[in-house]
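One structure below.
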Amino acid sequence: MTVRPRVSSTLNLASAQAALAGIETLETYGRVVAIKGLLVEVAGPVGAMRLGGRLDIMVENATGAVPCEIIGFQGDRALAMPFGSLEGVRRGCPAMVRDEAAGAIRPSAGWLGRTIDALGRPVDGLGPLPPGPAIYPLRADPPPAHARRRVGPPLDLGIRCINTFITMCAGQRMGIFAGSGVGKSVLLSMLARYTAADVAVIGLVGERGREVQEFLQDDLGPAGLARSVVVVATSDEPALMRRNAAYVTLAIAEYFRDQGAQVLCMIDSITRFAMAQRDIGLAAGEPPTAKGYTPTVFSELPRLLERAGPGTGQGAISGLFTVLVEGDDHNEPVADAVRGILDGHIVMERGIAERGRYPAINVLRSVSRTMPRSCDPVHLPTVRRARRILSTYADMEELIRLGAYRAGASAEVDEAVALMPSIEAFLGQSKEEATSIGEGYQRLAAIVGSA
């Protein structure tokens, strides 16, 4: 009787693995059939594609593919927009269908001090980003309202004007409303450097390319950058990149929030995010509404902004979002929509900046919806008295400047005129100066006293 030797199971497994390794992976792709402006129409296996999914258009004689996102469908074609230039793309180019992971990132604590683009790729020349253990989708849902914690105690931002008059709590969301060239970027850099929050995540959406290095090196500085992550999409980049920069900023902030950190999330600006979403919506065939903005703009704004705020654990995202008001019109559609979503607004005015007082914040037009609860009751009379003085002077300012007001006509106006130089000096602050909440209250009380 002949006994056959038994083949080792390990040997069988190794040979099976070797055989599987030789099998080519199956890739699904369509082909470009039309290009209209920045809209690319792709025909092929539309059933394998999904809204918000990714395509890579392969271009001949190019070093890489052109990444695109599917923004809609029309008949048997998928409508896509590119994340980069469409140069070299022609009819018939294959469009490879990519998986869902392309719309997510893996943040980690090693991202602190780094500058990345709207796809989560490093742009600072410091090497690859260390990946974290968890995947964070770019378009996540906000935490459930019934499970969120309440806003925390007052958050020290280092800006005495905001700390005293427009106190912000941990987990609160505020808007900074201003026209162009009024000092928003410098204010954001001061907030990133001087805040008592653990981490700052800054999204520069549609920023001027020339100003990025100035912001990083001069305004933010090494100390501010060391505990920050900066996401950049300049104004010359496609609409998808500018929109994605806001999503990436919130995804990174959510990672640090889930680690139990107090996060200060800042986006400059929400208006440029809305403009990018408008361009995408118009390309997909949406009807324009107020000032050409499409309906998805006003549905995406709350989905984005509601992601900031308290989490379900100990961490929280305190949000500061700038709104670029067109023509200094604070009632334009985006400003009006954002003001209704957020928990307060800080108004910066060109007239104050022209007088040379920075930050150019109009205290009387600015509101924190957590006031007066967020203000220490001991200091609340001082704040109210200072506001009354500011209001009295604002009512009579034109007459005072014209010389039409005669001293002695009103004791309240005389007091306001006497105290305004000191109050103006208090409201102004250089970008190298930081003031804590307690110190701010003490300085204000020394100027106006108590009620």
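The values are calculated or read from the model by the stated rules, or taken from the named source; none is laboratory data. Computed from a predicted structure; not experimentally measured. We place every Cβ from the backbone using ideal geometry, glycine too, and count neighbours over all the protein chains shown. When the accessible area is computed, the model is the full protein with side chains, heavy atoms only, and any ligands, DNA or RNA have been set aside. Shrake-Rupley method; radii C 1.70, N 1.55, O 1.52, S 1.80 Å.
Structure summary
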quantity: Some residue of segment 77-84 being among the basic types (K, R) and out of contact with any Leu (no Cβ under 8 Å at 6 or more places or on another chain); calculated: yes
quantity: Some residue of segment 92-114 being β-branched (V, I, T) and more than 30 Å from A200 (Cβ to Cβ); calculated: yes
quantity: Members of segment 221-247 that are in a helix (DSSP H, G or I), hydrophobic (A, V, I, L, M, F, W, C) and closer than 19 Å to A109 by Cβ; calculated: A223, L225, A226
quantity: Residues that are at negative phi and open to solvent by 10 Å² or more (accessible area, probe 1.4 Å), drawn from segment 257-271; calculated: R257, D258, Q259, A261, Q262
quantity: Any hit, segment 227-236, residues being in contact with a Ser or Thr (Cβ under 7 Å, 6 or more places away or on another chain), surrounded by fewer than 23 Cβ atoms within 10 Å (Cβ to Cβ) and farther than 24 Å from V325 by Cβ; calculated: no
quantity: Sole residue being out of contact with any Ser or Thr (no Cβ under 6 Å at 6 or more places or on another chain) and acidic (D, E), chosen from E211, E207; calculated: E211
quantity: Matching residues, segment 43-62, being in a loop (DSSP other than H, G, I, E, B) and either open to solvent by less than 30 Å² (accessible area, probe 1.4 Å) or basic (K, R) (or both); calculated: M49, R50, G52, G53, V59
quantity: Pairs where the first residue, in segment 402-414, is farther than 11 Å from T392 by Cα and the second is open to solvent by less than 90 Å² (accessible area, probe 1.4 Å) and acidic (D, E), C-beta under 9 Å, 6+ apart; calculated: A407/D414; G408/D414
quantity: Whichever residue in segment 418-434 is open to solvent by 60 Å² or more (accessible area, probe 1.4 Å) and over 29 Å from the mean Cα position of the chain (by Cα) and, among such residues, is farthest from F165 (Cα to Cα); calculated: A418
quantity: Some residue of segment 140-153 being in contact (Cβ under 8 Å) with a residue 60 or more places away in the chain, assigned to a helix (DSSP H, G or I) and open to solvent by less than 50 Å² (accessible area, probe 1.4 Å); calculated: yes
quantity: Failed item in (1) touching a helix residue (DSSP H, G or I) at 6+ places or on another chain (Cβ under 7 Å); (2) modelled with pLDDT of 90 or more; (3) among the hydrophobic types (A, V, I, L, M, F, W, C), with L38 passing the rest; calculated: (2)
quantity: Selection within segment 239-284 - touching a Lys or Arg at 6+ places or on another chain (Cβ under 7 Å) and not charged (D, E, K, R); calculated: Y247, L250, V263, F273, A276, Q277, I280
quantity: Among the residues listed as Q217, Q262, Q213, the single one being under 21 Å from A170 (Cα atoms) and over 15 Å from the mean Cα position of the chain (by Cα); calculated: Q262
quantity: Helices (runs of 4 or more DSSP H) within segment 296-409 that include 2 or more residues in contact with a strand residue (DSSP E or B) (Cβ under 6 Å, 6 or more places away or on another chain) and open to solvent by less than 60 Å² (accessible area, probe 1.4 Å); calculated: 333-341
quantity: Filter result (surrounded by fewer than 22 Cβ atoms within 10 Å (Cβ to Cβ) and touching a Leu at 6+ places or on another chain (Cβ under 7 Å)) within segment 272-287; calculated: A283, A284
quantity: Residue satisfying all of: in segment 171-198; open to solvent by 10 Å² or more (accessible area, probe 1.4 Å) and closer than 16 Å to G319 by Cβ; modelled with the lowest pLDDT among these; calculated: K184
quantity: Members of segment 8-35 found to be β-branched (V, I, T) and either surrounded by 10 or more Cβ atoms within 10 Å (Cβ to Cβ) or modelled with pLDDT of 90 or more (or both), listed by number; calculated: T28, V32, V33, I35
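Residue-by-condition table, conditions (1) assigned to a loop (DSSP other than H, G, I, E, B); (2) surrounded by fewer than 17 Cβ atoms within 10 Å (Cβ to Cβ):
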| residue | (1), (2) |
| --- | --- |
| E41 | no, no |
| G64 | yes, yes |
| S85 | yes, yes |
| G88 | yes, yes |
| R91 | yes, yes |
| A95 | no, no |
| P107 | yes, no |
| P128 | yes, yes |
